[in-house]
Amino acid sequence: MIRKLEDKIVDRIIRCITADGAVMAAAIDSTYMVATAQQIHNTSPTATAALGRLLTGASVMGSMLKKTGATITLKINGGGPAGTLVAIADGNGNCRGYMDHPQEDVPLKPNGKLDVGALVGADGLLGVIRDYGEGEPHMGQVRLRSGEIAEDLTGYYAESEQIPTVFALGVLVDKTDSTKVLAGGLLLQVLPGALPEDYEKLEKNVETLPPITSMLAGGMTIEEICQKAFAGFDMEILDEYQVGYVCPCSRERVEAALLTLPQEELLGLASEETGTAEVCCQYCGKKYTLSQADLLEISKKRKK
Ligand SMILES: [Zn+2]
């Protein structure tokens with residue numbers, strides 16, 4: 001059931017709403033996205049779960065921006081061995097990310113589960129930046145609740161946006177082959193105008209809903225997962241997105257980033273042996289080679 005990277009599947013997000021407009025759901029199967037992140041960053045099992053949950057959450061939140069060119073950035077620093085984790089999704093839910101210490105790992109919880117909270121830490125902040133590509137980006141920040149990520153994002157919606165939300169995120173990592181993963185997420189939001197009985201019905205459904213990875217591992221589609229969450233409601237599918245681990249880096253972007261370095265540091269990037277500098281994209285690992293002449297050219301632009 002747990003898929004390998006070579007399977008080359010394309011991940012999907014669907015958004016649904018109850019026919020009375022009371023509750024919205026978004027469900028994602030992010031298995032390929034998380035497997036790709038595992039391979040790029042060579043993450044430890046717990047780091048795969050931590051970064052995977054953040055990527056999955058960012059992807060769902062990105063798809064809700066409903067605007068091409070918009071991005072959402074989630075940044076977590078809980079003071080744990082993982083360091084800072086960052087995920088950026090575009091308005092179509094395509095996502096990329098990195099973490100400071102992807103090879104760090106921590107012991108399993110007593111129940112045998114990956115201890116994401118211990119790796120991330122809970123003493124710190126979750127930052128959410130929505131950039132619509134025009135005007136000032138919208139920034140929100142809340143204290144972490146547990147470092148388990150789904151709980152922290154739920155807390156963000158409650159505190160910063162006052163939207164009653166249930167956010168479930170799950171990543172399963174194979175015990176014998178840590179490149180094999182299964183990942184997904186489910187977001188439920190109660191919309192303005194919902195009646196007390198809608199809350200009641202939804203709460204009952206949420207209480208009996210199995211973990212998202214159990215449902216995916218059992219072969220349920222994201223449509224079936226939404227139907228289960230919406231038991232007792234009539235459901236409409238609003239839209240569907242195909243998503244993946246996508247990095248929009250380019251030579252131009254790398255050069256633009258280098259413009260921010262101090263002159264000396266910029267010119268000192270080139271190795272004495274080869275006379276060239278190799279700059280690696282922190283999101284996808286792609287390498288860009290710059291000659292001494294390239295670096296001089298950039299430094300000239302910087303002076304202007
Ligand atoms: Zn890149």
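Return yes when ALA58 is touching a Gly at 6+ places or on another chain (Cβ under 9 Å) and hydrophobic (A, V, I, L, M, F, W, C) and no when it is not.
Yes.
Take the residues in region 55-96 that are assigned to a loop (DSSP other than H, G, I, E, B) and among the aliphatic types (A, V, I, L, M); name whichever of them is farthest from LEU187 (Cα to Cα).
ALA82
When you check VAL243 against the structure, is it within 14 Å of the ligand (Cβ to nearest atom) and in contact with a strand residue (DSSP E or B) (Cβ under 6 Å, 6 or more places away or on another chain), yes or no?
no
Do any residues in region 270-283 that are under 12 Å from VAL254 (Cα atoms) and free of Cβ contacts under 8 Å to residues at least 12 places away in the same chain have Cβ atoms under 8 Å from those of residues that are part of a loop (DSSP other than H, G, I, E, B) and within 16 Å of the ligand (Cβ to nearest atom), where the two are at least six apart or on different chains, and which pairs are they?
If the second residue must be part of a loop (DSSP other than H, G, I, E, B) and within 16 Å of the ligand (Cβ to nearest atom), the pairs left are CYS280/LYS286.
Under 8 Å between Cβ atoms, which residue pairs at least 6 apart in sequence (or on different chains) link something in region 94-112 that is touching a residue at least 12 places away in the same chain (Cβ under 8 Å) and in the same structural domain as VAL60 (by TED's automatic domain parsing) with a partner that is within 16 Å of the ligand (Cβ to nearest atom) and among the hydroxyl-bearing types (Ser, Thr, Tyr)?
Going by the 8 Å Cβ cut-off, the qualifying pairs are ASN94/TYR245; CYS95/TYR245; ARG96/TYR245; ARG96/TYR283; GLY97/TYR283; TYR98/TYR283.
Anything in region 78-90 that is small (Gly, Ala, Ser) and surrounded by fewer than 20 Cβ atoms within 10 Å (Cβ to Cβ)? List them, or say none.
Matches in region 78-90: GLY79, GLY83.
Answer yes if at least one residue in region 200-212 is touching a residue at least 12 places away in the same chain (Cβ under 8 Å) and in a loop (DSSP other than H, G, I, E, B), and no otherwise.
The answer is yes; a qualifying residue exists.
What are the residues in region 100-123 that are crowded, with 18+ Cβ neighbours inside 10 Å and either on the phi > 0 side of the Ramachandran plot or among the hydroxyl-bearing types (Ser, Thr, Tyr) (or both), if any?
Matches in region 100-123: GLY121 only.
Given (1) part of a helix (DSSP H, G or I); (2) modelled with pLDDT of 85 or more, identify the lone condition not met by ARG302.
Here ARG302 meets the rest and fails (2).
Of the residues that sit in region 35-76 and are of a type in the set (S, T, N, Q) and surrounded by fewer than 24 Cβ atoms within 10 Å (Cβ to Cβ), which one is modelled with the lowest pLDDT?
Per the stated criteria, the residue is THR68.
Could we say that ILE72 is free of Cβ contacts under 8 Å to residues at least 60 places away in the same chain and touching a helix residue (DSSP H, G or I) at 6+ places or on another chain (Cβ under 7 Å) here?
Yes; evaluated as a whole, the condition is true for this residue.
Only one of LEU85, LEU55, LEU65 is under 30 Å from GLU136 (Cβ atoms) and out of contact with any Ser or Thr (no Cβ under 9 Å at 6 or more places or on another chain). Can you tell me which?
LEU85
Every residue in region 249-294 that is away from the ligand (no atom under 16 Å from the Cβ), under 29 Å from THR84 (Cα atoms) and in a helix (DSSP H, G or I), please.
GLN263, GLU264, GLU265, LEU266, LEU267
State all residues of region 176-189 that are over 16 Å from VAL34 (Cα atoms) and surrounded by fewer than 18 Cβ atoms within 10 Å (Cβ to Cβ); if no residue qualifies, say none.
THR176
The values are calculated or read from the model by the stated rules, or taken from the named source; none is laboratory data. Computed from a predicted structure; not experimentally measured. Using ideal geometry, Cβ is built from the backbone for each residue, glycine included, and neighbour counts are taken over all protein chains shown.
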